[in-house]
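S.K.: Let me begin by handing over the structure; questions about it come next.
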């Protein structure tokens, strides 16, 4: 098993941000700064639930939406939050196949052709590479005293991070609650039928890429007894900011934390 | 114009509950207890936004769901919250027509026949009686110094209270944000197309009375640039409790209040 190797640390406004690697995988772990030099876990951080956070296609682990959501989860609930660069993203090299698919996506976009078929097939490919990486990362993170094995784990990922998170959650019993959304059902609906943990699902009512019925079909596919759809007016990239607050409250309910006023 | 006539007052855990009448209409007004004998408004209450709250069919202004939501809105945001008994409900007399429709509903339920057609037509009838009553009540409430004219007003009503609230909001420019849900589109969709204020809409994904496509069609009908659908697994009466918290946060955003940790 590979361990977490910390490479950099910064701190601001109560949030400690630590870059790490697990083998070849680069990631970032955000944690609440604790008042005491030694927290309840025996490390300088208190033990708390962990939220795994995936980034969208074409972005990376420290994209503003990622750091913003991480801050909300840390300051609102005291969670630890981890994000890793997906294959071919951020600090990671692209394969020839990555380059081909990205070029195909740009060509379609340029030509005004549907992006969906390319995104669906490329994301499914990335998910095959990313799921074992997430599992190795979770193994390593759970070795840290402030996280530990057996504690609650959530997953929060939209767009490409839903394409990765659905198969991850389906095979990973340590994940006990998940926020997904903004994806097509084509490669995911059958896998979603195996997911039974509580799910919050986000959909844009006027998405120019994902037909409304397709988004609703993916939400419908989850076998979860408790699932909530949040659909908002607006196009694909217009997800309202307040949905991040809603996700914080979802994880607070399911990972067992109170929300403070700041969330 | 008729005035608010207060008839009873109780107080518990920071919430003052005052029963009132406006003409023949009985209502309840919940307000935050203020520390000072004289609030900022010149009355013993502070001035704050008002949320009008409608109750569902067969219940009344002090049904537990109403008092629970009122408490969340008052303690969470410092709002004033008013609910009135709908025609034929609570402390109000039933007409012969009310009795006929209620009997028809019970017969359908007993026979296992669809309730929808009866509920839709009876609620549309009740809305015709209720809309002018709400307007008279709002006129009177805005004469109170702690509410005042020109302040933000929200409307929160599901089931029958959506059948009343949609036509009310469509004709009442003083209402600037509304929470609706759990109703058929038949008598409401055309009216909903005239509503442009922010709307949060609740729908039960497994509603045994309202077909999923019907609920989605009513949500779709609102012309609001900003609208959010919250759909949850479960049957008609299984709306999760946490949706009341979500409604508090919706009104906090749109009526201009911060949410405290208790909400």
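S.K.: Which numbered condition in (1) surrounded by fewer than 16 Cβ atoms within 10 Å (Cβ to Cβ); (2) within 20 Å of the chain's Cα centre (by Cα) is the only one that residue A:100 fails?
M.R.: Failed condition: (2).
S.K.: Which is in a helix (DSSP H, G or I) and without any contact (Cβ under 8 Å) to a residue 40 or more places away in the chain, of A:161, A:103?
M.R.: Working: A:161 fails: without any contact (Cβ under 8 Å) to a residue 40 or more places away in the chain.
From the options A:161, A:103, the qualifying one is A:103.
S.K.: In region A:56-92, what count of residues is obtained for those that are part of a loop (DSSP other than H, G, I, E, B), in contact (Cβ under 8 Å) with a residue 40 or more places away in the chain and in contact with a strand residue (DSSP E or B) (Cβ under 6 Å, 6 or more places away or on another chain)?
M.R.: Summing the residues that are part of a loop (DSSP other than H, G, I, E, B), in contact (Cβ under 8 Å) with a residue 40 or more places away in the chain and in contact with a strand residue (DSSP E or B) (Cβ under 6 Å, 6 or more places away or on another chain) in region A:56-92 gives 4.
S.K.: Look through B:31, B:43 and report the one residue that is farther than 19 Å from residue B:159 by Cα, assigned to a strand (DSSP E or B) and touching a residue at least 12 places away in the same chain (Cβ under 8 Å).
M.R.: B:31
S.K.: Oh, and also: Please count how many residues of region B:232-262 are in contact (Cβ under 8 Å) with a residue 40 or more places away in the chain, loosely packed, with under 15 Cβ neighbours inside 10 Å and more than 7 Å from every other protein chain (Cβ to nearest Cβ).
M.R.: Residues in region B:232-262 being in contact (Cβ under 8 Å) with a residue 40 or more places away in the chain, loosely packed, with under 15 Cβ neighbours inside 10 Å and more than 7 Å from every other protein chain (Cβ to nearest Cβ): 4 in total.
S.K.: Can you tell me which condition residue A:150 does not meet? The list is (1) at pLDDT 95 or above; (2) at positive phi, and all the others hold.
M.R.: Unmet condition: (1).
S.K.: So if I check each of A:126, A:218, A:182, A:168, which one is more than 30 Å from residue B:226 (Cα to Cα) and surrounded by 23 or more Cβ atoms within 10 Å (Cβ to Cβ)? Give the steps one after another, and end with the answer.
M.R.: Details: A:126 fails: surrounded by 23 or more Cβ atoms within 10 Å (Cβ to Cβ); A:218 fails: more than 30 Å from residue B:226 (Cα to Cα); A:182 fails: more than 30 Å from residue B:226 (Cα to Cα).
Going through A:126, A:218, A:182, A:168 in turn, the sole match is A:168.
S.K.: Here is a further query. In the list B:176, B:169, which residue meets the criterion of being part of a helix (DSSP H, G or I), closer than 27 Å to residue B:59 by Cα, touching a residue at least 12 places away in the same chain (Cβ under 8 Å) and under 17 Å from the mean Cα position of the chain (by Cα)?
M.R.: B:169 is the lone residue from the list that is part of a helix (DSSP H, G or I), closer than 27 Å to residue B:59 by Cα, touching a residue at least 12 places away in the same chain (Cβ under 8 Å) and under 17 Å from the mean Cα position of the chain (by Cα).
S.K.: Take the residues of region B:211-231 that are more than 16 Å from residue B:169 (Cβ to Cβ) and in contact with a helix residue (DSSP H, G or I) (Cβ under 7 Å, 6 or more places away or on another chain): which is nearest to the other protein chains (Cβ to nearest Cβ)?
M.R.: B:229
S.K.: Related question: If we keep just the residues of region B:192-210 that are facing another protein chain (nearest Cβ under 10 Å) and assigned to a loop (DSSP other than H, G, I, E, B), which is nearest to the chain's Cα centre (by Cα)?
M.R.: Filtering first and then ranking leaves B:198.
The values are calculated or read from the model by the stated rules, or taken from the named source; none is laboratory data. Since the structure is predicted, the reported quantities are computational estimates derived from the model, not experimental observations. Please note: Cβ atoms are built from the backbone with ideal geometry, for glycine as well, and neighbour counts cover all protein chains shown.
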